[in-house]
Structure formats: structure tokens, C-alpha cells
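Only one structure is covered here, and it is reproduced in the block below.
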Amino acid sequence: MDFLGKFKTGGHKPANGIRNFLKYVGPGLLVTVGFIDPGNWASNISSGADYGYSLLWMVTLSTIMLIVLQHNAAHLGIATGDCISEAASKHLPKKVSIPVLATSLMAVVATSMAEILGGAIALKMLFNIPIKLGAILVSILVVIMMLSNSYAKLERYIIGFVSLIGISFIIELKMVPVDWGEAARSWVTVSLPEGSLPIVMSVLGAVVMPHNLFLHSEVIQSREFNNEDETVIKKQLKYEFMDTLFSMVIGWAINSAMIILAAATFFQHNIAVSELESAQRLLTPMLGNMASVIFALALLFAGISSTITALMSGGSIFAGMFGEPYDIKDFHSRFAVIAIVILSTIVIFFIPDPFEGLIYSQMLLSIQLPITVFLQIYLTSSEKVMGKNKNSFLTKAMLIIIAVILTVLNIMLFRELL
């Protein structure tokens, strides 16, 4: 039995109503954790500190893309009972699937490095623990949590962490004078200030994350009922979309809050921020010690929870290469989780600037992202894979447009950096 098996209920049909929707909430919030991770913090704080409110539109655009992509990934999991990695291994030649999935694993290592590093930075803020020791402590804690807790418990922990992060930023925003009119305009007005493209790409990579697509196609099966009944599939997709939309809006609000906080404090006072630790220190004279402690605690929660989801994704990708679902008790899933933790922690020991490491990790994710998106489009548009549930013409067109936008932005980034 796979790790989701005990949640599957054979031929039972999901009940209607708000109560069932509330029972269905969970997979979307696990995905949300991935784009309020420490890498996002670095990208968003840099965005707000350097460019004020002007790049808020990128959070809006990224979130719209994310809703379409994540719903489509979940659609695959619901309709086939496979995650993206399993489907790729079943329906693509090995010479294609293995290199593509290998790049996804590399992206997971970059992601996990950022998550662990963020947690280590938070420990240094709170307890003055050195970064490298903090990284080891975060890694050990996360592995213990994953090896000793069921998926259901981990999901509850992560929902709790997301709630605490959201509450933390509500408190922070109440402490600063926000120009809500400017923020509202910036959410819907495209602006690309000179030199901002690397930050724009890091924000994009921090919100639309390739490993989250794999994760969503896997964990959505914790709510699976009967994927052979078309009526049940449609009902599942309705609740899944509600869960995805609800969760992504929460993520949009938290990401926006990070940029707004930085814009209302650092940008307004012409203060450059080169690291998250300095952001915390600079908040103290402006907003008081309570604000800096809340900032650090929220970062710690973000680091721990997002490391867990990144490792679940890595385990899902690696197990899928062998045609297996994610199950922490099985060798391939467990091996991937432990190997990714070790590699990610080792990388941290060779990073001279933790803040830049966070930002560039997000840029690496954005570079890999089109590969995963085109893989997903192929799988979800294939009648062989999806049967009657393959993408409609409109859905396929939207996905291709998103993939082209991501590719063009990456080309622009390479031109900027060369």
C-alpha cells in the first residue's frame, strides 16, 4: 500500500457541501507552502526594498499561472491515479523521461537548499546559532518529522504553519504605514524598472515552482475516491479547484505582504537589504523588537514546512522513475528524501553569501520550470494518458501560452546576465 492508500475509499462518492470542501482542503495548502518559502522571502524582500510596490504585478501574474498549472497537475493525479513522474515513466521512452526527471530532481535540491538555509537563517536570528550548524539542525528535525509522522499528521502541521505565517504578516502590516492605493495599482500594472529582470525572474521562480507540480499530482490522491467513475472525477475536480483557488489566494496574499512590508519600510527609507538577517535587524528600530521576533519565527516556520514539502516532491519524482508512488516507508522514496537533504545541506557549506544563494536558487527553478511545464502539457493533453479527461483545446492553449511566457522570460534573463 502506498502512503496515500489508507485515504482512498474505493467506490464511495464524495459528499456535497461546505463540510466536504473543508475536508478537502489540504493538498492545495501543501503546495502553497512551496511558494511562501525562504527563497520567496529573499526575492520578495529584495523586490520591495529595491523597487517599492512596482513589482507586485509579478505576484499576481505568477499566481494566475500557478492556479492554471496546479489545477492541471492535480487533474492528472485525479484522472490517472499517477503523479507526473509516474506518468512520464510509463508513457515516455526512458531516454527522454530520465533526463527530464533528473533536471526536476536538481531543481528539488536547489529548492531544499533554499528552504534549509532559510530555517538556518531564522535560527541565527532567534538564537545566534551559526548558519552551518543551523542548517544541520533544520535538516535533522525535518528528516525526523518525515520518518516518524504519517502524511495526515504532516498535512495538519503544515496547515498550522501556513496559518501562523499568515497571522505573522497581518501583525507586521498593522505596524507599518502602507500606501494601499499604490499597492492596488501595482498589483494590476505591469512595470519593469531598469535592472529588475533578475528579481522578476526570482519572484517568478519562487512562486511557480516545478517541484510543486509534481507534489500536487501526488498528494491530491489523498482525497481520491473512485477514478473510474466520470461523475466522481468531475466532482473531485470541482472540490480540488476550490481548494487550489483558496490556497493560491492565501499564498498570493502572503507573498504580497512580504513585498509591501519591504516597500513600506526599507524602500521608503532608501535602505538597501542584502540579507534576511539585516532585514530583521533593520525592522527593530523601525517597528520594535516584537516585529523582528515575529519576522524570524515566521521565517523558521516557512523553512521547516517548505523543506518537508520539497522533500516529499523529490521522493515522489524519484519513486516515480521506478513506477512507484511516494511512500516514505519504501526504499526509493526514503533514499531520495535522505539523499536530497544531505546534498542540499552540503551545498550550504559552500555558499559565501546566503542571501544571494536564496535568490539564485529561485532563478534556477525558473530556468527548469519550462521543462516541467512542457512535460505536463504533453501528458495532460494525451488521450493515451488521460483518456476522456485530456485537456480541452482552451486549456491546452492556456498552458502553452504560459509555457511560452516562461520560456521568453528565461531567454530575457540569460541575455541580462551575459
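The values are calculated or read from the model by the stated rules, or taken from the named source; none is laboratory data. Keep in mind it's a predicted model, so treat the numbers as computed, not measured. Here Cβ is always computed from backbone atoms with ideal geometry, including for glycine, and neighbour counts include all displayed protein chains.
Some values worked out for this structure:
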read-out: Residues of segment 249-271 that turn out to be farther than 18 Å from I170 by Cβ and part of a helix (DSSP H, G or I), as a count; value: 2
read-out: Filter result (aliphatic (A, V, I, L, M) and either out of contact with any Leu (no Cβ under 9 Å at 6 or more places or on another chain) or modelled with pLDDT under 70 (or both)) within segment 351-364; value: L358, I359, M363, L364
read-out: Test: residue in segment 98-109 that is of a type outside the set (D, E) and closer than 18 Å to A302 by Cα; value: yes
read-out: Condition check for G134: under 22 Å from A42 (Cα atoms) and in contact with a Lys or Arg (Cβ under 8 Å, 6 or more places away or on another chain); value: yes
read-out: Residue identified as under 25 Å from T60 (Cβ atoms) and either modelled with pLDDT under 85 or not in a helix (DSSP H, G or I) (or both) among V232, V219, V190; value: V190
